[in-house]
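Heads up: the structure comes next, in structure tokens.
Here, each number is a calculation from the coordinates, and none is a lab measurement. Not measured: the values here are computed from a predicted model. Reconstructed Cβ throughout: ideal geometry from the backbone, glycine too, with neighbour counts over all protein chains shown.
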Amino acid sequence: MQLNGIHHVTAITGDARQNVDFNTRVLGLRLVAKTVNQDDTSAYHLFYADEEGSPGADLTFFEYPGALPGAAGPGMVHRVVWRVASDEAIDFWEKRLEAEGISTRREGDELVFANPEGMGHGLVVANGDPPLAARHPEIPAELALTGFEGVRLYSLRPSSTRQVLEQVMGATAAGADVLELRGPSRHGSVTLDGAPGGLRPMSGAGTVHHVAFWADNADHPRWPGYLAEHGLRSTDVIDRHYFHSVYFREPGGVLYEIADHGPGFTRDQTPETMGQKVILPPWLEPHRRAIEARLTPIDDPRAAWATA
């Protein structure tokens, strides 16, 4: 029941067009799928990742147009941490982000910034796993983001969060407040930070909805029973079309998901056409016209590359 670190992170945006621009043009991620939240089909679900749409580099957003800004507080992930390959890459991103009007700061070896809606990001030099990078005409391959290093969260009950990570999810200590999840395919970390005093959690634009950890396909169906054996209530396995999911809320308040690598984004797209049109699972296809009428039109962000 080993977990391969972070599978994906899902957050909330109030502005899909701005979100696509920042994540593709600025961060250099690839828009690999446009679909809807299966639990609320009025909301876009946008997926960004590396060139192949791999687990371990998949940042996703629900769009609720005009959503008010949220605030990360106890019981929430407050920062997504990405890998880059070198100190030169850190310098590159510091200059690139500042040129886009994005303020940055150094916290030790980590370059910290926020997206336009206030969602926290960090960059660290980390190697060891195969890099998961997307192509971008302005970002040299050796300087690109190469997948998730981990997440940083505020817990309502840090000792209980740590206990679940270590005793249920197989994490090991990698520092005073850092737990590492290392599986057969990849690894990633969860850092437990103390929340600033008086900070109240509020879901909204610029906040993380949940973090998903990556289970191998063979192990995934066992997770609901395994969690129940450890006193944790979860959903059954849910078919999310591109992968399968099990959700539970850990004792510190953060919503966790266990996801497999499923059929992936090429289930109904080719590698060349990923992200170009709205994809619906078969059970929603009969409602396509009504669903698309409620969604913000989004152009393929790579459409202009051929003429740039």
Inset, instruction - Identify, among Thr266, Leu232, His136, the residue whose Cα sits farthest towards the positive end of the charge dipole of the chain, taking +1 on the Cβ of Lys and Arg and -1 on the Cβ of Asp and Glu, with the dipole about the Cα centre. - result: Leu232
Legend entry - Environment charge of Val178, counting only residues whose C-beta is closer than 11 Å and scoring Lys/Arg +1, Asp/Glu -1: -2
Inset, instruction - Only bridges with both residues in the chain count here: give the DSSP antiparallel percent, nearest 5. - result: 70 percent
Legend entry - Stretch gain in nm, segment Thr266-Glu88, where the contour uses 0.36 nm per residue and the Cα spacing is subtracted: 60.7 nm
Inset, instruction - May I ask you to derive the FRET efficiency for Ala173 and Asp109 from their Cβ-Cβ distance with R0 = 22 Å, giving the value to the nearest 0.05? - result: 0.70
Inset, instruction - Select from Glu110, Glu257, Glu272 the residue whose mean-square fluctuation is largest in a Gaussian network model of the chain (Cα-Cα springs shorter than 10 Å). - result: Glu272
Legend entry - Computed over the stretch 163-308: relative contact order in percent, which uses C-alpha pairs under 8 Å that are six or more apart: 15 percent
Inset, instruction - Using the Cα centre as the reference, give the magnitude of the dipole from point charges on the C-beta atoms of the chain (Lys, Arg: +1; Asp, Glu: -1; all else neutral), rounded to the nearest 20 debye. - result: 620 debye
Inset, instruction - Quick one: work out the % antiparallel among DSSP beta bridges in the stretch 66-197, nearest 5. - result: 65 percent
Legend entry - the chain - convex hull of alpha carbons, volume per residue in Å³: 131 Å³
Legend entry - Compactness of the stretch 66-160 as Cα Rg over 2.2 N^0.38 Å, two decimals: 1.17
Inset, instruction - Take the chain, connect every pair of alpha-carbon atoms lying under 10 Å apart with a spring to form a Gaussian network, then pick out the residue of His287, His136, His121 with the largest mean-square fluctuation. - result: His287
Legend entry - Residue-averaged 222 nm ellipticity for the chain, from DSSP H runs of 4+ at -39500 (n - 2.57), nearest 500: -3000 deg cm²/dmol
